[in-house]
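Here's the structure, in structure tokens; my notes come after.
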Amino acid sequence: MENKVDAKVNDKLQDMSSEQKDEILSSFEGFKDYLSDKVEKADKLGLNEEQIAKAAQKVGDYLAAKEEPRNREEKLLQELWKAGNEEEQHKLAHLLVKLVS
């Protein structure tokens, strides 16, 4: 199940247009709304908190590596993400999921 989730997250990130990314990342509230929607859908699909956090961690890895922050909050998240090790990033992913749940 985990590999399926990873593959879906990867596919979704790769298929997203620049316009979609800009719309989601233009404001922190927009980012939280998007994440909240995805967490809600994952929950309805029966994913547990750990699976959702792993998917959020995958998104965090992608954003930190490939997207420029578009506001102060995203810049702070990026800096925290880059400063943390994998375990700390996973905890941050859990916190982000909790923030929007």
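Just so you know, all these numbers are worked out from the coordinates, no wet-lab data involved. This is a predicted model, so every value here is computed, not measured. All Cβ positions, glycine included, derive from the backbone under ideal geometry; neighbour counts span all protein chains shown.
Quick notes on this structure:
- Cα gyration tensor shape of the stretch 1-43, rounded if a/c is under 1.5, else prolate or oblate by comparing a/b with b/c: oblate
- Exceeding the 24 Å Cα-Cα cut-off - candidates Lys12/Lys41; Lys4/Lys82; Lys44/Lys66: Lys4/Lys82; Lys44/Lys66
- Once the Cα-Cα distance is subtracted from the 0.36 nm per residue extended length, the Lys4 to Lys75 segment shows a gain of 22.6 nm.
- Computed E for Glu87/Ala65 - FRET, C-beta separation, R0 25 angstrom, nearest 0.05: 0.85
- Separation of alpha-carbon centers, the stretch 66-101 and the stretch 1-64, rounded to whole Å: 13
- For the chain, the fraction of alpha-carbon pairs in successive 5 Å shells from zero, as %: 2, 13, 24, 28, 22, 10, 1, 0
- Computed over the stretch 2-100: relative contact order in percent, which uses C-alpha pairs under 8 Å that are six or more apart: 37
- Sparsely packed chymotrypsin sites (Phe, Trp or Tyr not before Pro) within the stretch 3-70, loop by DSSP, other Cβ within 10 Å at most 10: none
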